[in-house]
1. Is it the case, given these coordinates, that H54 is in contact with a helix residue (DSSP H, G or I) (Cβ under 7 Å, 6 or more places away or on another chain) and loosely packed, with under 14 Cβ neighbours inside 10 Å?
2. Among the residues of region 29-45, which ones are surrounded by 20 or more Cβ atoms within 10 Å (Cβ to Cβ) and either part of a helix (DSSP H, G or I) or more than 16 Å from the chain's Cα centre (by Cα) (or both)?
3. What's the number of the condition R251 fails, among (1) at pLDDT 95 or above; (2) surrounded by 18 or more Cβ atoms within 10 Å (Cβ to Cβ)?
4. Among the numbered criteria (1) modelled with pLDDT of 90 or more; (2) of a type outside the set (S, T, N, Q); (3) not in a helix (DSSP H, G or I), which one does G3 miss?
5. Could you say whether any residue in region 233-240 is within 17 Å of the chain's Cα centre (by Cα), closer than 15 Å to G137 by Cβ, assigned to a helix (DSSP H, G or I) and of a type in the set (V, I, T)?
6. Would you mind telling me which numbered condition in (1) within 21 Å of the chain's Cα centre (by Cα); (2) more than 30 Å from A206 (Cα to Cα); (3) surrounded by fewer than 16 Cβ atoms within 10 Å (Cβ to Cβ); (4) not charged (D, E, K, R) G100 fails?
7. Give region 136-150 a look and list any residue that's farther than 16 Å from I221 by Cβ and in contact (Cβ under 8 Å) with a residue 60 or more places away in the chain, or say none.
Amino acid sequence: MIGPDNALSGMTTPSALGTIATALRQHDPDRFFTALFAPEAKREALFALYAFNHELARAREAVSEPHLALIRLHWWREVIQGMAKRHPVAEAIVAALSDGTIDAADLLALIDAREIEADRAIASLPAWRAYVLGTAGGLAVAAGQLLGASEPEGLRSLGAAYGVVGILRAVPALARHGRCLLPEDVLGAHGLSPEAVVSGADPTGAMAELARMGRDFLRPIVLPRASVAAALPAVLAKRDLRRLPMASGPRGLGDRLAVTWAGLTGRIG
């Protein structure tokens, strides 16, 4: 986990965090840390956006049957469409929608991109590429929009690079829960199947191929301090994509310092 304890003065003690930020710090520490570099006036909304993304990501893992994930996703679609729900993240998202901080179309696109997780497997590399561009890539676009980036769509590929890393880092954990999000055709080219990965087969060859695609998503960019937080996950992606197998444990000091430097300078890549 990236330890944000003293990274930015006065912002990271538990007493300084709200309920949503505290949960995000536990469940998505990478994005929590990068969000600390957002302007204070936008930070809570960014925490809410990232917490919303976490809720979508856990829609499949929280149910025993894949099709039930679609029901959970639809529940969030109803939130965006104006149906009142008693849930702290839902209430924060509705508030951000009401004041125009977050765009409903961006959130609905994130929900749509998650539906493929209810399938038995992601069949092809093109479908997998669209999946990471729509999920983590779409999240970077929404974050950029929230932070006032001049061209938020330009952040999609950087977000997708982090999405590739997130999937590759999660391979062992997903396998323990009977899931595999690696594309079926790439696995097949290496003599594997999603079921084989779940059963413990080593997918390093397929992961190396996918990591190359992740590196292709990266590009150098300089952003204003006000919007750089939306692109900071790509700093972690660049570091992770240099090494296979990727560590899935806590983040180290080098990761933390790299993000801090990029957050202060606005230079990504």
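The values are calculated or read from the model by the stated rules, or taken from the named source; none is laboratory data. All of these numbers come straight from a predicted model, not from anything done at the bench. Positions of Cβ are backbone-derived with ideal geometry, glycine not excepted, and every protein chain shown enters the neighbour counts.
1. Considered against the rule, which asks whether it is in contact with a helix residue (DSSP H, G or I) (Cβ under 7 Å, 6 or more places away or on another chain) and loosely packed, with under 14 Cβ neighbours inside 10 Å, H54 comes out as no.
2. Within region 29-45, D30, R31, F32, F33, T34, A35, F37, A38, K42, A45 meet the criteria.
3. All conditions pass for R251, except number (1).
4. (1)
5. no
6. (1)
7. The answer is A136, L139, A142, L146.
Yes or no, residue by residue, for (1) crowded, with 17+ Cβ neighbours inside 10 Å; (2) among the β-branched types (V, I, T); (3) part of a loop (DSSP other than H, G, I, E, B):
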| site | (1), (2), (3) |
| --- | --- |
| Q145 | yes, no, no |
| G159 | yes, no, no |
| G163 | yes, no, no |
| A173 | no, no, no |
| L181 | yes, no, yes |
| A206 | yes, no, no |
| L210 | yes, no, no |
| M213 | yes, no, no |
| A226 | no, no, yes |
